[in-house]
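Here is the structure we will look at.
The values are calculated or read from the model by the stated rules, or taken from the named source; none is laboratory data. Computed from a predicted model, the values in this text were never measured in an experiment. We place every Cβ from the backbone using ideal geometry, glycine too, and count neighbours over all the protein chains shown. Quick note on the areas: whole protein, heavy atoms, side chains included, nothing else; ligands and nucleic acids left out. Shrake-Rupley method; radii C 1.70, N 1.55, O 1.52, S 1.80 Å.
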Amino acid sequence: MKKYLPHTKPLKEQILHKFSLALFFFGCYLVSAQTSPTLTSEVDTTTIKIGEQIMWQVTVEVDTTAQVIFPEGQTFSPLETVEAFETDTTRKKSRMLLQKIYALTQFDSGSYKLPEQRIEIDGKGYFTDSMRIEVATVSVDTLAQNLYDIKPLMEVEKSNAGFWKILLGILLGLLIIGGLFYWFVLRKKPLTEEEKVALLPPYDRALLELKQLENSKYLIQDEYKQYYSELTDIVRSYLEEDVHVSALESTTDELITKLELLKDAGELKLDDDTLNQFKNILKTADLVKFAKSKPPTSIAEQDRKSIEQIVIKTHEALPEPTEEELMQQAEFQEEYLRKKQRRKLIIGTAAVFALLFVLVGVAIARFGFSYLKDSVLGHPTKELLDGEWIASSYGYPPILLETPKVLKRQKVSLSAEEEEAISEIRTFSYQSLASLFTMEASSLILAEGVEFKLDLAIENYLKGLESMGTKNIITKQEEFTTLSGVPGIKTFGSGKFPVPGKEELVNGNYVILSFGGEQFQQQVALTWRKDDPYAQEIIDRILKTIEVKTTI
């Protein structure tokens, strides 16, 4: 009986199969390892003197298609970036090697942490290692070089460069607006043809308009109604202005009757044939306008010529104008020009106000009414926020921060008990009475053997607020850490603050940042009005720049 064994491959075939699988997985591993980026960083030295530079180099190895973004700006705080050199790119087989060097420095002695930096590769963040940099002070030979006391602060006059730039911009804007206003409104422009015709005496104007009617295309285009309407309007306007009869509002019969009355009174020397001819032309015009009659072209042309003769005869039939009438005519022309100039002035002024209204509306919609009002009329804390900020160091141990104004040294009077506990105290402050905004930085060194109590310093500051009249003080507390990693305590809250020279109290906020160590204390205190948005921006900016030294 035959036995059927399961199908099996030869041994050689099995070995080749397993070897190919191993090669496949090893290849996948190599591909995976090749596609993942590698990142290293190093410095040329970890110990420098004040003001010297260290070279921090980061090396990134990536695929040739990868997109790499290196840090930019002051991202190495508390160290300062002096220069960021161009990226050095080299090709390494199918990979790309990128090297970036940054020159860093620090102008105060101490131990600083160079923070980790984020390198973005294809949208994903990779971080370098952090490291410790020691900055040593420069030794001074006091035997070869004498030591002198620190010179007192000097008052420096405020620069008016910014003011003159603003003033120049305003004057330039007013000059442009004034120039446009003069050019389009006040400037005497040449009269247009219509304006020249309007200023002509009634007789000359009527003859000119009849000549223009002769050259018109009304009859060619079969527009008899428009032709006769203009023809009668010309003669009626002339009669109203020169003969002083209400011709425009009168019917044909009423107008002829008025002219006959003037003739009978001896004020208008016209013969009966002329009046009959004029009456017939007016009736023909009425038939064309209201009965859609269409006379031959030759009759229409002849009617225009007849009207021209009627105007001439009427002008000749009128008595010579008196000197008073001539004066009235000149005054009419002057009044016409004055009205025209007044109309231009009104239109131009309205256009300027409309433009200003639109610009103000756009500015309010874009920035808000309060911001626009404060920008135009001025606001104490907005001027501080928009002004030139100063980065400086205050006290010893030093407190480093940026402020909109330089803090001035204050004389501090201590009680006998405080003099025994405090070896040295330095206080600097700035106060804006107009906006109730204050900044204060103080450093003190405790006497030998005095116990360090940070809570006591905070309590003393709050008591100082109460002694100045602040009411309903609410206090909160949390941890605070500077950019270099120095821990401290943030005490903050609100209260009712007094207004200098007034009895009223206003809602205000305060922040106290307290630091300290063995034998010393450091404190930064800020107060401001609760409803002042610009002050809040100033506070947020100051808090981001505070740095302290923790060694004496």
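In the stretch 377-393, which residue that is part of a strand (DSSP E or B) and among the small types (Gly, Ala, Ser) is least open to solvent (accessible area, probe 1.4 Å)?
Ser392
If you go through the stretch 468-500, how many residues are assigned to a loop (DSSP other than H, G, I, E, B), open to solvent by less than 90 Å² (accessible area, probe 1.4 Å) and not hydroxyl-bearing (Ser, Thr, Tyr)?
Of the residues in that region, 5 qualify.
Of Leu248, Leu239, Leu262, Leu231, which residue is without any contact (Cβ under 8 Å) to a residue 40 or more places away in the chain and crowded, with 16+ Cβ neighbours inside 10 Å?
Leu262
Does Thr64 fit the bill of being without any contact (Cβ under 8 Å) to a residue 60 or more places away in the chain, more than 35 Å from the chain's Cα centre (by Cα) and open to solvent by less than 30 Å² (accessible area, probe 1.4 Å)?
The answer is no for Thr64.
For (1) closer than 30 Å to Arg187 by Cβ; (2) open to solvent by 30 Å² or more (accessible area, probe 1.4 Å); (3) modelled with pLDDT of 75 or more; (4) not hydrophobic (A, V, I, L, M, F, W, C), each residue gets a yes or a no:
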site	(1), (2), (3), (4)
Phe367	no, yes, no, no
Ser370	no, yes, no, yes
Lys373	no, yes, no, yes
Glu420	no, yes, yes, yes
Met439	no, no, yes, no
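From the list Lys340, Lys313, which one is modelled with pLDDT of 65 or more, surrounded by 11 or more Cβ atoms within 10 Å (Cβ to Cβ) and under 56 Å from the mean Cα position of the chain (by Cα)?
Lys340
Looking only at the stretch 110-133, filter to residues that are part of a loop (DSSP other than H, G, I, E, B) and surrounded by 16 or more Cβ atoms within 10 Å (Cβ to Cβ); which one of those is farthest from the chain's Cα centre (by Cα)?
Filtering the stretch 110-133 for residues part of a loop (DSSP other than H, G, I, E, B) gives 115-117, 122-123, 128-130.
Filter once more, keeping what is surrounded by 16 or more Cβ atoms within 10 Å (Cβ to Cβ): 115, 117, 128.
Numbers: Pro115: 36, Gln117: 34, Thr128: 39 Å.
Across the stretch 110-133, the extreme among qualifying residues is Thr128.
I need the full set of residues from the stretch 48-74 which are assigned to a strand (DSSP E or B), over 14 Å from Leu114 (Cα atoms) and of a type in the set (A, V, I, L, M), in order please. Step through it out loud before you land on a result.
Kept after step one, since they are assigned to a strand (DSSP E or B), are these residues of the stretch 48-74: 48-49, 53-63, 68-69.
Checking which are over 14 Å from Leu114 (Cα atoms) leaves us with 49, 59-63, 68-69.
Within the stretch 48-74, Val60, Val62, Val68, Ile69 qualify.
For Ile542, are the conditions met, namely being hydrophobic (A, V, I, L, M, F, W, C) and over 30 Å from Ala421 (Cβ atoms)?
Taking the combined requirement at face value, the residue does not satisfy it.
Wholly within the stretch 178-282, which helices (runs of 4 or more DSSP H) include no fewer than the required count, namely at least 1 residues that are among the aromatic types (Phe, Trp, Tyr) and at pLDDT 90 or above?
224-238
Look through Tyr203, Tyr218 and report the one residue that is free of Cβ contacts under 8 Å to residues at least 60 places away in the same chain, aromatic (Phe, Trp, Tyr) and open to solvent by 20 Å² or more (accessible area, probe 1.4 Å).
Details: Tyr203 fails: free of Cβ contacts under 8 Å to residues at least 60 places away in the same chain.
None of the other options fit; the residue is Tyr218.
Considering Gly508, Gly516, which residue is surrounded by 14 or more Cβ atoms within 10 Å (Cβ to Cβ), touching a helix residue (DSSP H, G or I) at 6+ places or on another chain (Cβ under 6 Å) and touching a residue at least 40 places away in the same chain (Cβ under 8 Å)?
Numbers: Gly508 fails: touching a helix residue (DSSP H, G or I) at 6+ places or on another chain (Cβ under 6 Å).
Residue meeting the stated conditions: Gly516.
Return a yes/no flag: does the stretch 135-143 have any residue that is in contact with a Pro (Cβ under 7 Å, 6 or more places away or on another chain) and either modelled with pLDDT under 85 or among the hydrophobic types (A, V, I, L, M, F, W, C) (or both).
Among the residues of the stretch 135-143, not one is in contact with a Pro (Cβ under 7 Å, 6 or more places away or on another chain) and either modelled with pLDDT under 85 or among the hydrophobic types (A, V, I, L, M, F, W, C) (or both), which makes the answer no.
If you scan the stretch 67-102, which residues turn out to be closer than 16 Å to Val43 by Cα, open to solvent by less than 60 Å² (accessible area, probe 1.4 Å) and aromatic (Phe, Trp, Tyr)?
The answer is Phe76, Tyr102.
Among the numbered conditions (1) under 37 Å from the mean Cα position of the chain (by Cα); (2) assigned to a strand (DSSP E or B), tell me where Ser77 comes up short.
(2)
So, Ile54, is that one more than 30 Å from Pro398 (Cα to Cα) and surrounded by 16 or more Cβ atoms within 10 Å (Cβ to Cβ) or not?
no
More than 28 Å from Val506 (Cβ to Cβ), in a loop (DSSP other than H, G, I, E, B), at pLDDT below 85 and over 33 Å from the mean Cα position of the chain (by Cα): does that describe Glu424?
no
Every residue, every condition in (1) among the aromatic types (Phe, Trp, Tyr); (2) within 13 Å of Thr381 (Cβ to Cβ); (3) modelled with pLDDT of 90 or more, yes or no:
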| residue | (1), (2), (3) |
| --- | --- |
| Ile512 | no, no, yes |
| Gly517 | no, no, no |
| Phe520 | yes, no, no |
| Ala525 | no, no, yes |
| Asp531 | no, yes, no |
| Thr545 | no, no, no |
| Lys549 | no, no, no |
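Could you figure out which of (1) open to solvent by 20 Å² or more (accessible area, probe 1.4 Å); (2) within 38 Å of the chain's Cα centre (by Cα); (3) in contact (Cβ under 8 Å) with a residue 40 or more places away in the chain isn't true of Leu454?
(2)
Checking the condition touching a strand residue (DSSP E or B) at 6+ places or on another chain (Cβ under 8 Å), at pLDDT below 90, open to solvent by 90 Å² or more (accessible area, probe 1.4 Å) and more than 30 Å from Ala66 (Cα to Cα), which residue from Leu172, Leu153 passes?
Values: Leu172 fails: touching a strand residue (DSSP E or B) at 6+ places or on another chain (Cβ under 8 Å).
Going through Leu172, Leu153 in turn, just one is touching a strand residue (DSSP E or B) at 6+ places or on another chain (Cβ under 8 Å), at pLDDT below 90, open to solvent by 90 Å² or more (accessible area, probe 1.4 Å) and more than 30 Å from Ala66 (Cα to Cα): Leu153.
Among the residues of the stretch 394-418, count how many are assigned to a loop (DSSP other than H, G, I, E, B), open to solvent by less than 80 Å² (accessible area, probe 1.4 Å) and farther than 30 Å from Gln536 by Cβ. Spell out the reasoning first.
Let us first name the residues in the stretch 394-418 that are assigned to a loop (DSSP other than H, G, I, E, B), namely 395-398, 404-407, 411-415.
Keeping just the survivors that are open to solvent by less than 80 Å² (accessible area, probe 1.4 Å) gives 395, 397-398, 404-407, 412, 414-415.
This time we only want the ones that are farther than 30 Å from Gln536 by Cβ, so: 414-415.
Residues in the stretch 394-418 being assigned to a loop (DSSP other than H, G, I, E, B), open to solvent by less than 80 Å² (accessible area, probe 1.4 Å) and farther than 30 Å from Gln536 by Cβ: 2 in total.
Against the definition (among the small types (Gly, Ala, Ser) and surrounded by 13 or more Cβ atoms within 10 Å (Cβ to Cβ)), how does Ala291 come out, yes or no?
Judged against the criteria, Ala291 is not a match.
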